Ligand SMILES: *Cc1c(COP(=O)(O)O)cnc(C)c1O
């Protein structure tokens, strides 16, 4: 069998080694040292956010963002049903209730229409805020996820949030560098969470970041991730904190990767163009492409296969048999055991996407001949070889 083609792996071709050696030589390997601040500044400046706090993972970023807003057992958070579990688990860590809403078929992101109907039909305005009628919980936060590199329709969601007094926490784990109406994701949300896991657009090995404009909120995030220490020298604490800091070695990797982010994004977009050109005209097959108002990172390219034309599970299997790591899109959460008790408003678009969607190998380092192999394998699998 020819070489395996992974879905999305790190691309390390810059100063990674140099910066890691610097950490070792200066004994700055733990969660302190100049690389952490530098990484925070690089990301904040790139996305256009005034404040940033580096953390140990994207999941930790979402968790601490919600905790910084005091999301707790009396609260509900509006989340997409169609996303990675790590978008929603932090809501449950807080003791809050995730309410699963549908996504848009074209962007794969939380559908503002679904949010609007939910708010109008299933919530009541009470003196202490908006309450979800069935559970009695206060609806305080809406958590759109920018899936596969494509931003959610932020204006529509922000308008609803404003009207109903909700805070917007964005899961931008897959979307570092993406733009919404010409502005980078991260430049406008209340709290925006990134991930630098090994499979993302850039990696710090493992890591995440919370960015935002509200200095008080970001100060609270930093406080919470450092065990909520309330005194500079004594171990005095004023609340329950976490050890969610990013180690300096991870920040060093992240700094080196940031220097190449533009190149990574350019290559990702080139890969997407190449897939689009090579897969054009195959009946029953389409490729998700960015909306006119969006600039996608194309973190993972996604094809949609019409069930009458091809069975997505079989195509995935056929590709895997040739060493090509293609993966079906996220299975909707409402049907999975840990989320069965979550209120679920119906998600026909998420189901629709799951019945059709397949993520294709999209690593920055994907070679043109590998891309050709993926395309030929798809053509064969759908009977168009
Ligand atoms: C990767 C990812 C996360 C979690 O990030 P980690 O750094 O792996 O914890 C959360 N949400 C989405 C949509 C992701 O893709």
For this session: Working carefully through the options 107, 83, find the one that is within 13 Å of the ligand (Cβ to nearest atom) and not in a strand (DSSP E or B).
Result: 83
For this session: Could you list all residues from the range 141-153 that are more than 20 Å from residue 354 (Cα to Cα) and crowded, with 24+ Cβ neighbours inside 10 Å?
Result: 141, 142, 143
For this session: Residue by residue through the range 313-330, note down the ones that are free of Cβ contacts under 8 Å to residues at least 60 places away in the same chain and in contact with a helix residue (DSSP H, G or I) (Cβ under 6 Å, 6 or more places away or on another chain).
Result: 328
Exercise. From 165, 182, 189, 205, which residue is crowded, with 19+ Cβ neighbours inside 10 Å and farther than 26 Å from residue 33 by Cβ?
Worked result: 189
For this session: Give the residues of the range 86-96 that are under 17 Å from residue 114 (Cβ atoms) and more than 14 Å from the ligand (Cβ to nearest atom), sorted by residue number.
Result: none
For this session: Inspect all residues belonging to the range 66-83 and state whether any of them is farther than 17 Å from residue 195 by Cβ, modelled with pLDDT under 95 and more than 17 Å from the chain's Cα centre (by Cα).
Result: no
For this session: Quick one: which residue in 12, 97 is in contact with a helix residue (DSSP H, G or I) (Cβ under 9 Å, 6 or more places away or on another chain) and surrounded by 19 or more Cβ atoms within 10 Å (Cβ to Cβ)?
Result: 97
For this session: Being under 13 Å from residue 343 (Cα atoms), in contact (Cβ under 8 Å) with a residue 24 or more places away in the chain and touching a helix residue (DSSP H, G or I) at 6+ places or on another chain (Cβ under 8 Å) is the filter; apply it to the range 132-146 and report the residue that is nearest to the ligand (Cβ to nearest atom).
Result: 139
For this session: Of the numbered conditions (1) under 23 Å from the mean Cα position of the chain (by Cα); (2) at negative phi, residue 95 fails exactly one; give the number of that condition.
Result: (2)
Seminar exercise, completed: Restricted to the range 365-385 and to residues being within 27 Å of the chain's Cα centre (by Cα) and surrounded by fewer than 21 Cβ atoms within 10 Å (Cβ to Cβ), the residue farthest from residue 318 (Cα to Cα) is 365
For this session: Quick one: count up the residues across the range 342-382 that are closer than 24 Å to residue 203 by Cβ and part of a loop (DSSP other than H, G, I, E, B).
Result: 7
For this session: Count, please, the residues in the range 171-222 that happen to be within 18 Å of residue 51 (Cβ to Cβ), within 10 Å of the ligand (Cβ to nearest atom) and out of contact with any helix residue (DSSP H, G or I) (no Cβ under 8 Å at 6 or more places or on another chain).
Result: 1
Exercise. Which one of 149, 129, 165, 58 is away from the ligand (no atom under 12 Å from the Cβ) and modelled with pLDDT of 95 or more?
Worked result: 165
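Matching residues to (1) within 16 Å of the ligand (Cβ to nearest atom); (2) outside any loop (DSSP other than H, G, I, E, B); (3) over 22 Å from residue 215 (Cβ atoms):
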| position | (1), (2), (3) |
| --- | --- |
| 12 | no, no, yes |
| 27 | no, no, yes |
| 36 | no, yes, no |
| 39 | yes, yes, no |
| 43 | yes, yes, no |
| 52 | yes, yes, no |
| 63 | yes, yes, no |
| 66 | yes, yes, no |
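The values are calculated or read from the model by the stated rules, or taken from the named source; none is laboratory data. Note that the structure is predicted; figures quoted are calculated from it, not measured. Glycine gets a Cβ as well: all are built from the backbone with ideal geometry, and neighbour counts include every protein chain shown.
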